[in-house]
Amino acid sequence: MYNFDFERPKSVADAVKALQTEEAQPLGGGQTLIPTLKQRLAMPSKLVSLAGIDEIKGVCKDDQNRLCIGGGTVHRVIAEKAMSEGFPGLTGLASKIGDPAVRNRGTIGGSLANNDPSACYPAAAMATGATIVTDRREIAADDYFKGLFETALEEGEIITEVKMPIPEASAYMKFEQPASRFPLVGVFVARFSDRVGVGVTGASESGVFRWTEAERALGSDFSADAVKGLSVPADGMISDLHGTAEYRAHLVGVMTRRAVAAAQ
Amino acid sequence: MPKDTGIGASPKRREDVRFLTGDGNYTDDINVHGQAYVHFLRSDVAHGRITSIDTAEAGAMPGVVRVFTGKDFEGVGSIPCGWQVTGRDGKPMQEPAHPVLAQGKVRHVGDPIAAVVADTPAQARDAAEAIMVDIEDLPAVVDMKAAVADGATKVHDDLENNLCYDWGFVEDNRDAVDKAIKDAAHVTTLELVNNRLVANPMEPRVAVGVWEKGTDNYTLYTTSQNPHVIRLLMGAFVLGIPEHKLRVVAPDVGGGFGTKIFHYAEEAFCTFAAKACRRPVKWTASRSEAFMSDAHGRDHVTKIELALDADHNFTAVRTETYANMGAYLSTFAPSVPTWLHGTLMAGNYRTPLIYVNVKAVFTNTVPVDAYRGAGRPEATFQLERVIDKAARELGVDPIELRRKNFITEFPYATPVAVEYDTGDYPATMDKLSEIADLSGFDARRKESEAKGKWRGLGVNCYIEACGIAPSNLVGQLGARAGLYESATVRVNATGGITVMTGSHSHGQGHETSFPQVIAEMIGIDESMVEIVHGDTANTPMGMGTYGSRSIAVGGSAMVRAAEKVVNKAKKIAAHLLEASDSDIELKEGKFSVAGTDKSVAWGDVTLAAYVPHNYPLEDIEPGLEETAFYDPANFTYPSGAYACEVEVDPETGQVTIERFAAADDFGNVINPMIVSGQVHGGIAQGVGQALLENCSYDSEGQLLSASYMDYAMPRAADLPMFTVDHSCQTPCTHNPLGVKGCGEAGAIGSPPSVVNAVIDALHSGGCKIDHIDMPLTPSRVWAAMTGAAAAGHGTAEGRSVGGEV
Ligand SMILES: Cc1cc2nc3c(=O)[nH]c(=O)nc-3n(C[C@H](O)[C@H](O)[C@H](O)COP(=O)(O)OP(=O)(O)OC[C@H]3O[C@@H](n4cnc5c(N)ncnc54)[C@H](O)[C@@H]3O)c2cc1C
């Protein structure tokens, strides 16, 4: 680690102010950022911890039947609350991130801000058509994710809340990369009264995406069979030590079918 | 009735209490007053010429004590290799220099270029980043077959080429083997890769070097499996410090698996720098450093041919292996693919003719050396895989084919120069069949199929040569050391016993099992015996722990020393009892005169030895302490039969292990619980190799699997509950305990059964696939099933370390 200053504000407004220093960076649960710092791969001048800001923690339901998750809410709390608010698909997702230590510290805001191509939440955000709320604006999921580790966030912008429409049925299928246990391919399927969302993470070289072809097919027939004949092209899929592009493309189909079956 | 004390009992491991409650004393727990810290600047390219190093800025940074480069080590020796292999041409292997810090060239990612000693670790790291190094990139040599092709870039400019040696064994059998293969009724050929592994002990390596100005004595605290060996290698070959001026301490060590046998540059650096800086110098490896500086394991590319006659008797085996040495020769590296591998090619079978060819190759990768099993897993894997393939080709039951060819008479001299003393291979196979419930397999397969899964059964045998090894024999084979072991049994005045052993415990439980032997011999409570190991200052010269040798060789030395103690104690008892020492019996901690009720207690005799008032001083010395060195007469040959059942998900290629059973013959067993634990750990590592672990380089020599994000370790959830049994016991005939050793068996025996099982499952699903290279990741299995090209899969290519798609 290189040296850095540290602040722990109590409000979003103070955090935004603290982040105005050049090269200042927010610190969520630190589950991604701290290892990066330890390897000296980042050199922020200041870390602004969001852990003391109560207004961005917690989960509730709004009048549009959206699950409103504070940006500073940890995975464990999301797993618990999503269940009691009738969103088991999100519970399934959050409860399989990392291990208990990671789930008790890592936050949804940190995960969405980081936008790792293998992160789980982006799949749910895309499938449900979530809204990312920041200290200054609201961004639709479709406009938020900009590729690998790239988002619409500006310098010093803080994710304060994520609003996810609660589907009638949903499921997340995560095929684990054997070493990191992040998804090699993860598919979130969400069925609403008027549409179906399919968010795919881990697979594409351009990051999380919606598999619109599958969404259409499932919109008229929400069954595993409806997507049986569909496939995503291997072109543009990630190829690495753990799986070829062809394999990932294949898994997108398998995981989608399984998610649909689980969401029945 | 299971015993509750002595040999055969299963007392809980006494050392675990301190390990599990944070009271262990590991090398990183050792802090010496005034110590400074070193940070190594390591190469981030695989191969290059160092054109300049500028340390001026680094040297002026806060807290920096001194910056070292290769120049500072010009007068210092090379990190030595402990084994010289002679090639088919009769010439000794090519042996490159291995500098402490790079001299002129870097040869693998992680090769240390410079070192900064500073007041704090952070200051040392800051300054290391300020060192300016110019490196002219050279092509990386990664692919083994390309490395030995004409005109290949040389890893070492001063060697003839990248071929360390070309070894043939047994060279005299070569023509006969060729002929037998030509004349055979059937020949099965298999090409395979034995994947490169990173040992990953839980505790990374640490070294603390200390030099005392007043005495000119050095101390090195280090994470080693064999402190005496480090003292000898580093003292005599690298730094020129005589052994009586150098103490090496390996305190609690958190796992080794072979990778902590070897003498490493960092140990020599800290010891050297302690004097140069006039301060103790400490180094603690980060996990990232461990990945690129701990010796790796395995990494063989092999072609094996098995010849059979019309009755399915094995008539010959021929193998050709390329073995990766990495960039330098690590301590035991040359012996692993040769004497620890070729000598095992007979396995459990009566194959009259065997020829093994091994080409050891230098590449721009981390040095490769012994890892749990060392050579024997590589031998077992290819043999047990090719037998399975032969059975399938011939349409016969793979177990029956094995049984038909079992060695059944002992001693048995193999055509690869070793003599098995005992064994009963049909017995372990029968036991396996029972504990694995092989007859229930078909029903379980149907259940799996009903769930949409393909189920496979893989069975194999293994033999290993451990308890290494007779010194005169290994000397002939090129070892530059003896492989005896030693022990001092020190009986204290009040009867308690301290055993100082050259064996080193780093997870094996010696502190529990060794006292069981002493307790059995004398008839006292185990709590009266304490084991001391790991410090050259207070233990006799020992060769350390590896090759499943501790109880077989170290334990035997302890028995010999204890026998001397008992003999002397009997003389003292005879004096006290006014009887002849030939009439004295020792039982349950009491010396008695045979046929009488006269007796003295163990404690009375030990007290007399140290308070010799009523004592035969004219005949025997006071005190009760004996040392013995034990040089084994032969290797020991544990053997067994393993069975694995897997399910394969036909949609994803994902393999899950559903059942695993191991029937081992370890000869006599001292502590069955510890033995089971050793087998469990070994199987976990074997399953890791078979399904998960893959140390992979790209074609530029960059380490792709450089952290746990990409290097997959087995976890509890990857494994089923194991069924292990070691009730089949054919005691070793040549050591006093009749023990064979159990530390490596699990890692040797399990990879082929896992792969055999997966291939069986695929066949049951209609995928007629001969082989998939380890690790059998979902991606590779799926690719094999669908005929797609997969990362690193296919027939054995020269580049075993591949992974890049
Ligand atoms: C062992 C392990 C396993 C894991 N497995 C998975 C997995 O399977 N699936 C998965 O999805 N993730 C996984 N993760 C990642 C985990 O979910 C992290 O918690 C998450 O990626 C980052 O969240 P954080 O709160 O820890 O963010 P931090 O690490 O603190 O920050 C990450 C980045 O986000 C920024 N940031 C943090 N909070 C905010 C905010 N509110 N607004 C704007 N920017 C912010 C930081 O500046 C930084 O750039 C794993 C992590 C570990 C250590």
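So which DSSP H runs in chain B come out at 20 Å plus along the axis (Cα) with average Kyte-Doolittle of at least 1.0?
For chain B, where a helix must reach 20 Å along its axis and average at least 1.0, there are no hits.
So, how do all the Cα-to-Cα distances of the protein assembly as shown break down into 10 Å bins, in percent, from 0 on up?
Calculated P(r), rounded to whole percents: 2, 10, 17, 21, 20, 16, 9, 4, 1, 0, 0.
Please report B:Tyr264, B:Tyr218, A:Tyr247 as a ranked list, fewest other C-beta atoms within 10 angstrom at the top and most at the bottom.
Fewest-to-most ranking of B:Tyr264, B:Tyr218, A:Tyr247: B:Tyr218, B:Tyr264, A:Tyr247.
What value in Å³ per residue do you get for the convex hull of the alpha-carbon atoms in region B:126-280?
226 Å³
Where in region B:159-245 are there GluC sites (Glu not before Pro) that are in a DSSP coil and have at most 12 other Cβ atoms within 10 angstrom of their Cβ?
Filter output for region B:159-245: B:Glu160.
Do the alpha carbons of any pairs in A:Lys61/A:Lys174; B:Lys245/B:Lys570; B:Lys389/B:Lys453; B:Lys91/B:Lys154; B:Lys587/B:Lys740 sit beyond 28 Å of each other, and which pairs?
From A:Lys61/A:Lys174; B:Lys245/B:Lys570; B:Lys389/B:Lys453; B:Lys91/B:Lys154; B:Lys587/B:Lys740, over 28 Å: B:Lys245/B:Lys570.
Within a 10 angstrom radius of the beta carbon, how do B:Cys277, A:Cys60 rank from fewest other beta carbons to most?
Going from least to most buried by this count: A:Cys60, B:Cys277.
Share of Cα-Cα pairs in region B:559-685 beyond 19 Å, in percent?
Taking all Cα-Cα pairs of region B:559-685, the fraction more than 19 Å apart is 66 percent.
Given the options A:Val232, A:Val187, A:Val208, state which has the largest fluctuation in a GNM of chain A using a 10 Å cut-off (strictly under) for Cα springs.
Highest fluctuation among the options: A:Val232.
Please rank B:His680, B:His300, fewest neighbouring Cβ atoms within 10 Å first, as an exposure proxy.
B:His680, B:His300
Going by the alpha-carbon gyration tensor, a ≥ b ≥ c the square roots of its eigenvalues, is region A:159-243 rounded (a/c under 1.5) or, if a/c is not under 1.5, prolate (a/b greater than b/c) versus oblate?
In terms of gyration-tensor shape, oblate.
Please state the shape class of region A:5-49: rounded when a/c is under 1.5, otherwise prolate if a/b exceeds b/c and oblate if not, all from the C-alpha gyration tensor.
oblate
If you scale each eigenvalue of the Cα gyration tensor by 5 and take the root, what three semi-axes come out for region A:108-164, rounded to whole angstrom and sorted largest first?
So the three semi-axes of region A:108-164 are 15, 13, 10 Å.
Which FRET efficiency value, to the nearest 0.05, do you get for B:Phe410 and B:Glu578 by plugging their Cβ-Cβ distance into 1/(1 + (r/R0)^6) with R0 = 45 Å?
Result of the calculation: an efficiency of 0.40.
Please work out the C-alpha center-to-center distance from region B:479-556 to region B:442-478 and express it in whole Å.
With region B:479-556 and region B:442-478 each reduced to a Cα centre, they are spaced 30 Å.
Under the rule of -39500 (n - 2.57) per DSSP H run of 4 or more residues, summed and divided by the residues of chain B, what mean residue ellipticity at 222 nm is obtained, to the nearest 500 deg cm²/dmol?
-7500 deg cm²/dmol
Once each part is reduced to its C-alpha centroid, what is the distance from region B:1-71 to region B:395-435 in angstrom?
First find each Cα centre; the distance between them is then 44 Å.
Mind checking region A:1-98 for trypsin sites (Lys or Arg not before Pro) that DSSP puts in a loop (not H, G, I, E or B) and that have at most 15 other Cβ atoms within 10 Å?
Of the trypsin sites (Lys or Arg not before Pro), the ones in loops of region A:1-98 whose Cβ has at most 15 other Cβ atoms within 10 Å are A:Lys10, A:Arg40.
Give me the distance between the Cα centres of region A:97-154 and region B:207-259, rounded to whole Å.
51 Å
So if R0 is 60 Å, what FRET efficiency would B:Gln84 and A:Glu205 give, r being the distance between their Cβ atoms, rounded to the nearest 0.05?
0.75
Which trypsin sites (Lys or Arg not before Pro) does region B:363-464 hold that lie in a coil by DSSP with at most 11 other beta carbons within 10 Å?
B:Lys451
Quick check: residue separation of B:Leu394 and B:Lys179 times 0.36 nm, minus the Cα distance between them. What number comes out in nm?
Additional length available on full extension: 75.3 nm.
Evaluate E = 1/(1 + (r/R0)^6) for A:Phe4 and A:Glu150, where r is the Cβ-Cβ distance and R0 equals 22 Å; express this FRET efficiency to the nearest 0.05.
Once rounded, the FRET efficiency stands at 0.40.
Please list the helices of chain A that count as membrane-span-like by this rule: a mean Kyte-Doolittle hydropathy of at least -0.5 together with Cα atoms stretching 20 Å or more along the helix axis, each helix being a complete DSSP H run.
Result, helices passing both filters: A:245-263.
What does the charge count near B:Thr422 come to, summing +1 for each Lys or Arg and -1 for each Asp or Glu among other residues with Cβ under 12 Å from its Cβ?
Neighbourhood net charge equals -4.
Does chain B come out rounded, prolate or oblate, given a ≥ b ≥ c as the square roots of the eigenvalues of its C-alpha gyration tensor, rounded meaning a/c under 1.5 and, failing that, prolate meaning a/b above b/c?
It comes out oblate by the Cα gyration axes.
No lab work stands behind these numbers, since they all come straight from the coordinates. Fair warning: this is a prediction, and the values are worked out from it, not measured in the lab. Counting neighbours? That spans all protein chains shown, and the Cβs are built from the backbone with ideal geometry, glycine included.
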